[in-house]
Amino acid sequence: MLDTSVLQGKKAAYFTLGCKLNFAETSTIGEQLRSYGVRTVERGEVADIVVVNTCSVTEVADHKCRQAISRLVKQHPGAFVVVTGCYAQLQPARIGQIEGVDLVVGAQQKHQVVPLLMHQLLGADMPDSTSDGEGWAEACSHGDRTRYFLKVQDGCNYFCTYCTIPFARGRSRNGSIASLVKQAERVAAEGGKEIVITGVNIGDFGRSTGENFFDLIRALDAVEGISRYRISSIEPNLLTDDIIDYVSHSRAFMPHFHIPLQSGCDEVLRLMHRRYTTDLFRQRIEHIKAVMPHAFIGVDVIVGTRGERPELFEQAFRFVESLPISQLHVFSYSERPGTKALEIPYVVDPKEKHERSQRLLALSEAKTRAFYNAFIGTVRPVLLEHAPKGRPMHGFTDNYIRVEVNNTPSLDNTLCNVLLGEHNRQGDALKGTIMND
């Protein structure tokens with residue numbers, strides 16, 4: 001058994017890049033270290049331990065990871081630096097060459113960060129931390145008491161041609177419904193009101209346990225004390241009519257969906273090895289709007305993938321433009337080593353890629369503004385979040401409209417009915433007036 005006293009009294013700094021799942025996992029690592037007497041550094045302090053949780057979804061993400069590691073090494077001289085996550089899984093040797101890095105732990109061994117750290121600090125023999133093991137580890141982040149991120153699934157079996165996630169995170173796996181319900185109950189006991197369900201491919205939930213995502217959301221919906229759930233991202237081919245219909249009348253699941261499209265052109269979807277067509281995607285969007293006209297729908301799109309000739313992008317743009325969606329998350333295609341996409345001959349010029357991205361971003365802004373405008377003058381429930389003294393409070397409606405209200409500290413982590421007014425000065429929220437019941 002390791003001598004945990006080696007951690008007692010130490011200070012740790014944490015830095016996370018990438019997805020909400022990464023934030024949930026970093027939070028869990030922090031909880032584990034706190035249980036051994038490690039406290040989080042305060043502003044201006046130098047840490048004894050630095051944990052960097054990395055992303056590798058694009059070449060830009062890789063660059064940001066390297067920059068962050070080097071910056072943190074300088075900010076915390078002498079600290080023991082641990083780098084984990086997807087970039088650590090895919091490029092452990094490159095990270096290990098960065099001056100100041102002491103330990104590299106692959107994404108699939110992220111749950112072993114703390115024991116590996118203790119092994120190193122004690123000078124004990126180290127097990128291999130970048131092997132191909134695919135264990136399951138619970139993760140639930142709570143950066144504030146308002147919104148938690150609950151990991152329900154990890155890994156992916158899809159192997160889309162542009163993506164390295166299956167190589168970084170391994171095959172699809174999950175916790176049991178019973179264990180996830182217990183985590184939700186702990187969130188409720190801590191005063192948490194909202195849980196965002198996260199994972200790599202959450203609709204594929206159940207491969208490890210023989211269960212399914214529909215049964216999971218029904219079980220979570222029954223947890224007392226949780227007022228809101230949001231489904232972070234779900235593949236269109238796994239978002240069934242049963243799930244949509246259930247959300248439309250459930251107790252706590254919000255009318256808010258995030259659905260990756262990636263391209264609005266069937267030929268490009270085929271090149272990507274996506275598992276649906278634009279017809280199926282439109283059916284899903286139209287079903288949501290039929291049963292929840294007020295629902296917020298966010299959509300992921302990738303521009304400039306190999307094979308996306310100009311006429312195919314125009315076709316994709318027109319398709320996206322025609323959808324009754326609320327927001328686009330636009331990503332520029334990035335060449336990833338080892339992916340099948342590199343075998344596709346047509347390459348989009350970087351300047352053209354940028355222009356396509358800007359067009360989609362402008363379309364997204366217009367759609368989001370139109371969605372917000374449709375609810376001006378209505379009253380909707382808002383979960384308010386703490387704000388520093390003198391600054392307005394913010395929160396989100398059930399259908400994910402960001403709202404700004406006057407600062408009333410007693411309303412932190414409280415659900416209030418709010419009359420939605422005009423856009424604020426920054427244009428990123430609607431001004432709200434709290435309605436007295």
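No value in this document is a laboratory result; all are computed from the given coordinates. Just so it is clear, the model here is predicted, and its values are computed rather than measured. Methodologically, a virtual Cβ is constructed for each residue, glycine included, from the backbone with ideal geometry; neighbour enumeration extends over all protein chains shown.
With charges only on Cβ, +1 for K and R and -1 for D and E, what is the dipole size of the chain about its Cα centre, in debye, rounded to 20?
For this selection, approximately 720 debye.
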Exposed-loop-free span, longest in the chain, where chymotrypsin sites (Phe, Trp or Tyr not before Pro) count as exposed if DSSP calls them loop and at most 14 other C-beta atoms lie within 10 Å: 160-345
Charge dipole (the chain, unit charges on Cβ, about Cα centre) - positive-most of Val104, His287, Cys416: Cys416
Cβ-derived FRET efficiency at R0 35 Å, Lys64 paired with Arg425, nearest 0.05: 0.75
Phi-based couplings in Hz for region 284-301 (Karplus 6.51, -1.76, 1.60; Gly and Pro marked x): 5, 5, 5, 5, 4, 5, 5, 9, 9, x, 8, 5, 8, 10, x, 9, 8, 9
Proximal aspartates and glutamates to Lys110, defined as alpha-carbon separation beneath 19 angstrom and excluding residues fewer than eight positions away on the same chain: Glu25, Glu31, Asp62, Asp102, Asp125, Asp128, Asp132, Glu134, Glu138, Asp154
Ascending count of other beta-carbon atoms within 10 Å, so fewest first, for Ser141, Ser334: Ser334, Ser141
Table column - 3J(HN,Hα) (Hz), region 6-22, Karplus curve with 6.51, -1.76, 1.60, x for Gly and Pro: 4, 9, 4, x, 7, 10, 10, 10, 10, 9, 10, 10, x, 7, 4, 4, 4
Between region 355-370 and region 53-97, the Cα center-to-center distance that results, in Å: 32 Å
Whichever lysines have a C-alpha closer than 21 Å to that of Lys193, once near sequence neighbours (fewer than 8 apart) are set aside: Lys20, Lys151, Lys182
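Take Met393, Met435, Met292 and order them by how many other Cβ atoms sit within 10 Å, fewest up front.
Taking fewest neighbouring Cβ atoms as first place, the list is Met435, Met292, Met393.
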